[in-house]
Amino acid sequence: MNITEYQQNMTVQYCFPDNNSCRKEVRTGPGNIFLFSFLSCISVCTVILNLFVILSISHFKQLHTPTNLLILSLAVADLLMGLVVMPVNTMQLRDSCWYLGKMACIIFLVINCISASASVCNMVFIAVDRYIAVSDPRLYSTKVTVCKMSLCIILGWSFSLLYVLIYLYFNDHLLPSQILSRCHGECILILKSSWVTIDLVISFLCPCSVILTLYSIIFTLARHQAKAVRSMLNATSNRHRAKVFKSSNSKAAKTLGIVVCVYLALWIPFYLCSLSLENFPYLSIVWSVLAWLIFINSSVNPLIYAIFYPWFRASAKYFLTCTRFN
């Protein structure tokens, strides 16, 4: 062995002091420090925004409506993403080793998958709720109640959990005896090619089709209703109210457009690339970039679904100014 080979062997680090240990990769330097700080800020902002939504809806009885219950459920799913998934992924980007064992790895993968699945499920429920509210506003209060919506939310989370357990079981990541790690000290998710297609249909194509279809119907109905109301207001020479209604309708249409565009922009790259990769390693650079696009969706959701509402701004001010403790 020459001096160069000896020096290379001396610089190699391992996660654990055994023969089957994974190699340890610690990323340092100004660029990496800036990246980790930026990702940490995203995680903190995700937790704070979703926590404000949860506290606001939970505290104020006036906000206990079916639609707000869906926003609350969505915020809980996104809070799990910011509280558990984002910090762990940031630490794994800095240090490639997994020190917590197989059981903790399984729990982390379950939380990761169920938070993403429940988030998408709640977005579908929100689209259905708004469709019923726009298509049949007179009977909305009788068709959609707090009890019915609570039951739907429970069923949605139950379906998400069941799907995640089946998903991980058939990909050999649910039981400690199933996991065939290449070395000691890694926590990776390698998907089988068949399940990549199945997950594409269940987790993306079906929800995306429902959301796009319902929001297109909502937009069409809103335009027809806006024309009808504007014609009635113009007929009564109430042009000021017609302009106000037109502005309100335009704002609602823009909000729906933001919802759909953000959802598609953040989820499409992940599934397009997953189809081109037979084995999708959990810690690869490609996966990390695409996964963080999905994680950012948890930061954007409270901005789209809650911060545009006056009640959220008022309740956030209520908590930030500590009025609650006076």
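Taken over the Cα atoms of region 64-202, the convex hull encloses 118 Å³ per residue.
State whether region 1-149 is rounded, prolate or oblate according to the following rule on the C-alpha gyration tensor (a ≥ b ≥ c being the square roots of its eigenvalues): a/c under 1.5 gives rounded; otherwise a/b larger than b/c gives prolate, and the remaining case gives oblate.
prolate
Applying 0.36 nm per residue to the separation of F60 and S37 and subtracting their alpha-carbon distance, the gain on full extension is 4.8 nm. Counting only residues at least eight positions apart within a chain, or on another chain, the aspartates and glutamates with an alpha carbon under 18 Å from that of K148 are D129, D136.
Residue exposure proxy: C152, C45, C187, C147, ordered by other Cβ atoms within 10 angstrom of their Cβ from fewest to most, comes out as C147, C45, C152, C187. Peptides 199-205, 31-37, ordered by how many other C-beta atoms sit within 10 Å of their residues on average, highest first, read 199-205, 31-37. By the Cα gyration tensor, region 41-98 has an equivalent ellipsoid whose semi-axes, rounded to whole angstrom, run 30, 10, 6 from largest to smallest.
Coordinate-derived values only; no laboratory data. All values derive from a computational prediction rather than experimental measurement. With ideal geometry, Cβ positions are generated from the backbone for all residues, glycine too; neighbour counts draw on all protein chains shown.
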